[in-house]
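**Student:** Here it is: the structure, laid out below.
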Amino acid sequence: MIFFQERVATKELVVYLIDASPKMFSPAGKLENQEEESYFHTVVSCISQSLKTLIINRSYDEVAICFFNTREKKNMQDLNGVFVFNVAERECLDKPTARLIKEFSHIEEQFMGEIGSQYQIIPGNRENSLYNAIWVAQGLLRKGSAKTVDKRILLFTNEDDPFGSVSGAAKIDMTRTTLQRAKDAQDLGISIELLPLNRSDEEFNVALFYADLLGLDGDNLTQFMPVAGEKLDDMKDQLRKRMFKKRKVRRITFSVADSISIELNTFALIRPTLPGAITWLDSITNVPLEIQNSFICADTGALLQGHTKRFHPYKNKNIKFSVEELLEVKRVSTGHLRLLGFKPLSCLKDYYNLKPSTFLFPSDKEIIGSTRIFIALHRSMLRLQRFAVAFYGSSSHPQMVALIAQDEISNSSGQVEPPGMHMIYLPYSDDIRKIEEVHMNVDSVAPRATDDQIQKATALLKRLDLKDFSVYQFANPSLQRHYAVLEALALDEDEMPDIKDETLPDEEGMARPKIVNALEEFKVSVYGENYDEDYMEISVSEASKKRKDIVENAVKECANYNWADLADNGKLKDLTVVELKYYLTAHNLPVTGKKEALINRILTHLGK
């Protein structure tokens, strides 16, 4: 488990380094329209989507798109086989713009004619295009300090051994110089990240060369075995996780003991999207209005000047309080997180988690040594299977919280979740309701699941398990539709791009034979063989009976009104929506729509 020192970078500089060798233009699979999709097309689609996300989330970041293994060259160092797509001569990087996205998304159409694809590392040729590409990328990232700016190189390729075509001393020399160039870039604070694509004929073997370039060995090498990048969705998912930025909510102080406090940063894993606050403007000047409160004496009607004081009667005396004194009286919590003790994890029930948790990660910005103490506490909690109970909250809403240590979660493509702690807001006793089992017959025994039903339910849940689940995989569909409209306007497109709602159930996955069989076995074990037929008969009879009762009640209530008189005198608008629906239901008319629509429907039916 490794705790990385948190960076305070507020800006990110990214170079997309794309292999443009002929292998990248070989077919990787078929699109939905059954056309062949090349690896190069996959990378272009992913980067286009990433640039669109940057415009919305981090428009102040800067990017560069750089191809290597090209016929033409365009770079400041005038090196062969490297073509910088979007950066002008003598410039560093460019901001993601609508024009850049539009030009880059259509690059395949003119790539072969204007840039060209060509193997640069071949026997008898001393050119090393990968070395040149890293050098050019390092030059593009030359501005800005590594302390305030995040510098990254994202390398896309389907060639696991770039020097496989050469051998002997030439291969050894090229490998050594390329690794040294990568190390020089990393020493300058530039991180190099690999996004590999598996070829259909063989799996990408990172151990051949890129393990040394990335500094992977031992467990890190085994964990990095890349996920197949043949599908566009797989590569998009990998890239989105790499580019995702956790949003820090606030910095808090964690009091571990009387004289020991550490600094923590809090991150909101899920935050509701709320509309902005209403700003009232002056009707003439459009200047925002300021709200001012004035107090008037109840006895004299005079305008009170100066600060007001509150009082509380006590033994025939009015005890006065200033605003500051009242705030101090109400201050139950200082806003700090205060450790109270530890309990076994078995004491923490699932239903205590009533709202999304907050993720905690240490920071040494204000209190040096916070990370060291946090790591010691974190490891002890994992080893002893304990969670911490702490006091936290504002003056208006103090509450108890549970701190649960989370170990690092990794899969074949790298880190999925970082190590840290989740802060779960524990409910008050009034928030927990004890469920009472109510039965028609007092003497009857409560139904219990049989062993067979439990076994079938367990098998079904195992089939429906979400492997490698992460909140980063899902985007708000409403926001995505809003951004898609903005994107279409910015790119001057005639049609809005299709938005995939990732929150909807996976119908294709649910239709897999093993899941269908597990679901059917569970239904049969609980409801019996003829469940569907019996259920349909019961549903139809209950629905018709309920509908009949609603109509009868509407006819009865409708008779209490003189609808013709109300319509003639314009008094239908004085009735409530429920009263208007009595008439519509009694006369078998639609009851949907706003109040005005209901009134118009009644007037039309009355012939008014």
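**Student:** Since Gln110 meets every condition but one in (1) crowded, with 16+ Cβ neighbours inside 10 Å; (2) over 31 Å from the mean Cα position of the chain (by Cα); (3) farther than 28 Å from Lys11 by Cα, which condition does it not meet?
**Tutor:** Gln110 satisfies all of (1) crowded, with 16+ Cβ neighbours inside 10 Å; (2) over 31 Å from the mean Cα position of the chain (by Cα); (3) farther than 28 Å from Lys11 by Cα except (1).
**Student:** So which residues in segment 190-211 are surrounded by 17 or more Cβ atoms within 10 Å (Cβ to Cβ), at pLDDT below 85 and assigned to a loop (DSSP other than H, G, I, E, B)?
**Tutor:** If the condition is that a residue be surrounded by 17 or more Cβ atoms within 10 Å (Cβ to Cβ), at pLDDT below 85 and assigned to a loop (DSSP other than H, G, I, E, B), then Leu197, Asn198, Arg199, Phe204 are the ones that fit.
**Student:** Out of curiosity, is Met174 in contact with a helix residue (DSSP H, G or I) (Cβ under 9 Å, 6 or more places away or on another chain), at pLDDT below 85, surrounded by 19 or more Cβ atoms within 10 Å (Cβ to Cβ) and under 24 Å from Phe25 (Cβ atoms)?
**Tutor:** No; evaluated as a whole, the condition is false for this residue.
**Student:** Look at segment 78-93 and say how many of its residues are buried (at least 18 other Cβ atoms within 10 Å of the Cβ) and either of a type in the set (Gly, Ala, Ser) or not in a loop (DSSP other than H, G, I, E, B) (or both).
**Tutor:** 4
**Student:** Further question on the same structure: Residues in segment 147-169 that are in a helix (DSSP H, G or I) and open to solvent by less than 30 Å² (accessible area, probe 1.4 Å): how many?
**Tutor:** Summing the residues that are in a helix (DSSP H, G or I) and open to solvent by less than 30 Å² (accessible area, probe 1.4 Å) in segment 147-169 gives 0.
**Student:** Still on this structure, please answer the following. Residue by residue through segment 502-527, note down the ones that are of a type outside the set (A, V, I, L, M, F, W, C), under 21 Å from Thr458 (Cβ atoms), in a helix (DSSP H, G or I) and open to solvent by 60 Å² or more (accessible area, probe 1.4 Å).
**Tutor:** Hits for segment 502-527 are Pro513, Lys514, Asn517, Glu520, Glu521, Tyr527.
**Student:** May I ask you to list the residues in segment 60-75 that are open to solvent by 60 Å² or more (accessible area, probe 1.4 Å) and either out of contact with any strand residue (DSSP E or B) (no Cβ under 8 Å at 6 or more places or on another chain) or not basic (Lys, Arg) (or both)? First the steps, then the outcome.
**Tutor:** Restricting attention to segment 60-75, the residues satisfying the condition of being open to solvent by 60 Å² or more (accessible area, probe 1.4 Å) are 60, 71-74.
Hits for segment 60-75 are Tyr60, Glu72.
**Student:** Just checking, how many residues over segment 38-59 are surrounded by fewer than 18 Cβ atoms within 10 Å (Cβ to Cβ) and of a type in the set (D, E, K, R)?
**Tutor:** So the count comes out to 1.
**Student:** Related question: Kindly indicate whether Asn318 is assigned by the TED database to the domain that holds Ser394, modelled with pLDDT of 80 or more and within 30 Å of Ser394 (Cβ to Cβ).
**Tutor:** yes
**Student:** Having 3 or more residues that are at pLDDT 70 or above and open to solvent by less than 60 Å² (accessible area, probe 1.4 Å) is the bar; report the strands (runs of 3 or more DSSP E) wholly within segment 383-461 that clear it.
**Tutor:** It comes to 386-393, 398-406, 420-425.
**Student:** Next question. Of Ile101, Ile122, Ile134, which residue is in a loop (DSSP other than H, G, I, E, B), of a type in the set (A, V, I, L, M, F, W, C) and open to solvent by less than 80 Å² (accessible area, probe 1.4 Å)?
**Tutor:** Ile122
**Student:** Among what's in segment 564-608 and is without any contact (Cβ under 8 Å) to a residue 24 or more places away in the chain and among the charged types (D, E, K, R), pick the residue that is most open to solvent (accessible area, probe 1.4 Å).
**Tutor:** Ranking the qualifying residues of segment 564-608, first place goes to Lys594.
**Student:** Same structure, new question: Select from segment 332-348 the residues that are assigned to a loop (DSSP other than H, G, I, E, B) and open to solvent by 90 Å² or more (accessible area, probe 1.4 Å) and list them in ascending order. It would help to see each step written out before you state the result.
**Tutor:** Residues of segment 332-348 assigned to a loop (DSSP other than H, G, I, E, B): 332-336, 348.
Of everything in segment 332-348, those that are assigned to a loop (DSSP other than H, G, I, E, B) and open to solvent by 90 Å² or more (accessible area, probe 1.4 Å) turn out to be Val332, Thr334.
**Student:** Being farther than 30 Å from Phe474 by Cβ and modelled with pLDDT of 90 or more: is that true of Ala133 here?
**Tutor:** yes
**Student:** Sticking with this one: If we keep just the residues of segment 465-501 that are open to solvent by less than 50 Å² (accessible area, probe 1.4 Å) and in a loop (DSSP other than H, G, I, E, B), which is modelled with the highest pLDDT?
**Tutor:** Among those residues, the one meeting the criterion is Asp501.
**Student:** Among all residue pairs at least 6 apart or on different chains, which show Cβ distances below 8 Å where the first residue, located in segment 376-401, is outside the structural domain of Gly341 (by the TED database) and the second is open to solvent by 80 Å² or more (accessible area, probe 1.4 Å) and assigned to a helix (DSSP H, G or I)?
**Tutor:** Matching pairs, first to second residue: none at all.
**Student:** Has segment 93-102 got any residue that is modelled with pLDDT of 85 or more and more than 20 Å from Glu487 (Cα to Cα)?
**Tutor:** Step one: filter segment 93-102 for residues modelled with pLDDT of 85 or more, giving none.
Looking through segment 93-102, none of the residues is modelled with pLDDT of 85 or more and more than 20 Å from Glu487 (Cα to Cα).
Let's see how each residue does on (1) surrounded by fewer than 11 Cβ atoms within 10 Å (Cβ to Cβ); (2) modelled with pLDDT under 75:
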position: Leu221; (1), (2): no, yes
position: Phe224; (1), (2): no, yes
position: Lys241; (1), (2): no, yes
position: Thr253; (1), (2): no, no
position: Thr266; (1), (2): no, no
position: Ile278; (1), (2): yes, no
position: Glu290; (1), (2): yes, no
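**Student:** Let me ask you something else. Search segment 495-514 for residues that are polar (S, T, N, Q) and pair each with any residue that is surrounded by 12 or more Cβ atoms within 10 Å (Cβ to Cβ) when their beta-carbon atoms are under 7 Å apart and the residues are at least 6 apart or on different chains.
**Tutor:** Thr503/Phe474; Thr503/Pro477
The values are calculated or read from the model by the stated rules, or taken from the named source; none is laboratory data. Source: prediction; values computed, not measured. Cβ coordinates were reconstructed from backbone atoms using ideal geometry, including for glycine residues, and neighbour counts include every protein chain displayed. Only protein heavy atoms, including side chains, enter the accessible area calculation; ligands, DNA and RNA are left aside. Shrake-Rupley method; radii C 1.70, N 1.55, O 1.52, S 1.80 Å.
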